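Colleague: Let me give you the structure first, and then I'll get to my questions.
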Amino acid sequence: MALAPAAIVMAAGKGTRMKSEHPKALAPLLGQPLISYVLRALEAAGASPIIVVVGHGAEQVQQALGERYHYALQAEQLGTGHAVMQALPHLPADAAHVLVASGDSPLVTPEVFHALYETALRTDAACVLATALLDDPTGYGRILRDAAGAVVGIVEEKDATAEQRAIREVCTSFYCFRADALRDALPQLDNQNAQGEYYLTDVIGILAQQGARIETWQSPDPTLLLGVNNRWELAQAAHALRMRILKQLCLEGVTIVDPATTYIEPTVHIGRDTVVEPNTHLRGNTTIGANCILGPDLYLQDTQVGDRCHLFRSHIVGARIEAEVSVGPFAHIRPGTVLHRGVRVGDFVEIKNVEIGEGTKVLHLTYLGDATIGRNTNIGAGTITCNYDGARKHRTVIGDNVFVGSHATLIAPVTIGDGAYIAAASPITDDVPPESLAIARSHQTVKEGWVRKRRESKQHGAGGNEQ
Ligand code: UD1
Ligand code: CA
């Protein structure tokens, strides 16, 4: 394709219909800001530069999106036409074509922008307009055509007659303008309409009146172009995007057992032959290897997982998990945790900021925090690292081939050498050298016949009372 088109994304509006304190552009959609989907599609289509029109919550939006985009401030939100006008000074003088998009339409794909730009190049139209044919066009601007089928303008729903409202072809707020036509038409807008706004949609009528060529590109899949104005539409967009992600993963060789209960964000990568069981949530910066079984009932966020792992019915955030690790059921793995190859973590185990060496087992009822544990060590049921003294956190270091008996209490800072044995139920306060046994508990006392003697003395006492 020829020189890249520039792009303007409108995102200054308050999003009144969201009924929110926060700018609509940042409404979370599968873990990403609503507007980021449009921006990524534009980037993938090769648009450059991309100018984002910000206004309501401008600083917040700019901070969230960062330096990769140019920003134009629309201090007062006087309409979509006014928004695009604010971006014009940021447009490179030699830009021939400008893609204009609404920031609230997250289902758009790079192909839509390709199609608009390609049509603009091919036809030299002043504007190529993306339209959709909707069964229920409520809320959208309607496309007005003359008897010959040529576009003559767009009428907003609030300004439309009953007859115009029956039109099912709608404006989707995706356009490719010839830059000269856009620069020429924008200053001619007025705000004589139901909302008292400068409508970008009126540019089409102005251009048509001047005899300029207007082309339309109708999306074969109208859902690509749907806008999000309220939270129900946000939920519907999330569902559509989610299904798109799950389908893509399936086609790449991942088994999704139940798409209805599987939540995978667009930032997640999964290897082949991995099976995702029902009620699994994979979020954030997460990568999963090949041949894993994930779920049922798994929440995993910002975690790297190697091949052939089995993770189920657990909550895992901010961890690095090597190959052949198993976790679950009912484990809670917290940030800073590294599980090396072949580690096994079982039920009711909480692990925070701990590195665990190859082949080590932590199978039942355990809290490990701020520790380093070696290879092939066995952490018995009920082991607790006491890492917090009420003011500061301390580390526990456990070597290779250590046996920590059940219900040991490891009072940090403490180091247990390679091959050591910790007797069950021992509170360990001092370092244990390698290959040694540490027992820290009082000796058991057995009083033989104690029960019998007590019974007899009770009977004596009772007899005495009867007399
Ligand atoms: C707009 C179109 C409508 C189209 C629909 C498709 C206009 C006048 N109407 O209506 O024909 O069918 O999109 O989704 O263009 N914005 C600004 N500054 C403003 C006003 C809006 O930046 O002063 C931004 C908003 O943040 C939003 C986008 O422009 O991202 C569209 O605004 P919105 O109010 O959602 O327009 P719609 O009513 O959806
Ligand atoms: Ca909208």
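Colleague: Check every one of the strands (runs of 3 or more DSSP E) wholly within the stretch 311-362 and list those with 1 or more residues that are over 26 Å from the mean Cα position of the chain (by Cα). If you could, list the steps in order and put the result at the bottom.
Modeller: Values: elements: 314-317, 331-334, 344-356.
Counting at least 1 such residues, we get 344-356.
Colleague: Just for the stretch 1-58: of the residues that are β-branched (Val, Ile, Thr) and farther than 22 Å from residue 283 by Cβ, which one is nearest to ligand 1 (Cβ to nearest atom)?
Modeller: This residue is 53.
Colleague: Among the residues in the stretch 65-82, are any among the charged types (D, E, K, R), at pLDDT 95 or above, over 18 Å from residue 178 (Cβ atoms) and surrounded by 16 or more Cβ atoms within 10 Å (Cβ to Cβ)?
Modeller: No - not one qualifying residue is present in the stretch 65-82.
Colleague: Would you say residue 380 is under 21 Å from residue 333 (Cβ atoms), among the small types (Gly, Ala, Ser), at pLDDT 95 or above and out of contact with any Leu (no Cβ under 7 Å at 6 or more places or on another chain)? So that I can check it myself, show each step before the final result.
Modeller: On the way: under 21 Å from residue 333 (Cβ atoms): yes; among the small types (Gly, Ala, Ser): yes; at pLDDT 95 or above: yes; out of contact with any Leu (no Cβ under 7 Å at 6 or more places or on another chain): yes.
Yes.
Colleague: Still on this structure, I have one more. Got a sec? Which of 53, 38, 9 is at pLDDT 95 or above, over 23 Å from the mean Cα position of the chain (by Cα) and of a type in the set (A, V, I, L, M, F, W, C)? It would help to see each step written out before you state the result.
Modeller: Numbers: 38 fails: over 23 Å from the mean Cα position of the chain (by Cα); 9 fails: over 23 Å from the mean Cα position of the chain (by Cα).
After applying the criteria, what remains is 53.
Colleague: Only one of 282, 234 is assigned to a helix (DSSP H, G or I) and either surrounded by 17 or more Cβ atoms within 10 Å (Cβ to Cβ) or of a type in the set (S, T, N, Q) (or both). Can you tell me which? Break it down stepwise before answering.
Modeller: Numbers: 282 fails: assigned to a helix (DSSP H, G or I).
Answer to the check: 234.
Colleague: Given the conditions (1) buried (at least 17 other Cβ atoms within 10 Å of the Cβ); (2) touching a Gly at 6+ places or on another chain (Cβ under 8 Å), report the number of the one that residue 418 does not fulfil.
Modeller: (1)
Colleague: Still on this structure: Out of 210, 218, 195, report the one residue that is more than 33 Å from the chain's Cα centre (by Cα), more than 16 Å from ligand 2 (Cβ to nearest atom) and either closer than 22 Å to residue 7 by Cβ or surrounded by fewer than 19 Cβ atoms within 10 Å (Cβ to Cβ) (or both).
Modeller: Step by step, each of 210, 218, 195 is checked, and only 210 is more than 33 Å from the chain's Cα centre (by Cα), more than 16 Å from ligand 2 (Cβ to nearest atom) and either closer than 22 Å to residue 7 by Cβ or surrounded by fewer than 19 Cβ atoms within 10 Å (Cβ to Cβ) (or both).
Colleague: Could you list all residues from the stretch 260-274 that are over 12 Å from the mean Cα position of the chain (by Cα), part of a loop (DSSP other than H, G, I, E, B) and of a type outside the set (D, E, K, R)? If you could, list the steps in order and put the result at the bottom.
Modeller: From the stretch 260-274, those over 12 Å from the mean Cα position of the chain (by Cα) are 260-262, 269-274; that's our starting set.
After this cut, where a residue has to be part of a loop (DSSP other than H, G, I, E, B) as well, the list is 271-274.
The answer is 271, 274.
Colleague: Only residues that are among the hydrophobic types (A, V, I, L, M, F, W, C) and over 25 Å from residue 5 (Cα atoms): list them for the stretch 153-182, please.
Modeller: Listed by number, the residues that qualify are 155, 160, 162, 166, 167.
Colleague: What tally of residues in the stretch 151-185 results from selecting those that are within 16 Å of ligand 2 (Cβ to nearest atom) and polar (S, T, N, Q)?
Modeller: Adding up the residues that qualify gives 2.
Colleague: In addition: Pick from the stretch 98-111 the residues that are more than 16 Å from ligand 2 (Cβ to nearest atom) and crowded, with 24+ Cβ neighbours inside 10 Å: which of them is nearest to the chain's Cα centre (by Cα)? Lay out the reasoning, then the answer.
Modeller: First pass over the stretch 98-111, keeping only residues more than 16 Å from ligand 2 (Cβ to nearest atom): 98-99, 109-111.
Going one step further and asking which of them are crowded, with 24+ Cβ neighbours inside 10 Å, we end up with 98-99.
Working: 98: 30, 99: 27 Å.
In this case the residue turns out to be 99.
Colleague: If you take the residues in the stretch 222-261 that are without any contact (Cβ under 8 Å) to a residue 24 or more places away in the chain and among the polar types (S, T, N, Q), which one is nearest to residue 137 (Cα to Cα)?
Modeller: 236
Colleague: Just give me the residues in the stretch 112-139 being without any contact (Cβ under 8 Å) to a residue 60 or more places away in the chain and either under 17 Å from residue 3 (Cα atoms) or surrounded by 15 or more Cβ atoms within 10 Å (Cβ to Cβ) (or both), in sequence order.
Modeller: 122, 137
Colleague: If you don't mind, there's one more thing I want to ask. In the stretch 1-85, which strands (runs of 3 or more DSSP E) lie fully inside it and hold 3 or more residues that are of a type in the set (A, V, I, L, M, F, W, C), in contact (Cβ under 8 Å) with a residue 40 or more places away in the chain and more than 24 Å from residue 239 (Cβ to Cβ)? Break it down into steps so the answer makes sense when it comes.
Modeller: Numbers: elements: 6-11, 50-54, 70-73.
Fully inside the stretch 1-85 and qualifying: 6-11, 50-54.
Colleague: As an exercise: evaluate residue 163 against (1) assigned to a helix (DSSP H, G or I); (2) within 37 Å of the chain's Cα centre (by Cα) and give the number of the one condition it does not meet.
Modeller: Status for residue 163: all satisfied but (2).
Colleague: Here's a follow-up. Just name the residue that is farthest from ligand 1 (Cβ to nearest atom) out of those in the stretch 174-195 that are over 16 Å from residue 87 (Cβ atoms) and without any contact (Cβ under 8 Å) to a residue 40 or more places away in the chain.
Modeller: 188
The values are calculated or read from the model by the stated rules, or taken from the named source; none is laboratory data. In this text the structure is predicted, and so the values were computed from the model without any measurement. In this analysis, Cβ positions are derived from the backbone assuming ideal geometry, glycine residues included, and neighbour counts consider all displayed protein chains.
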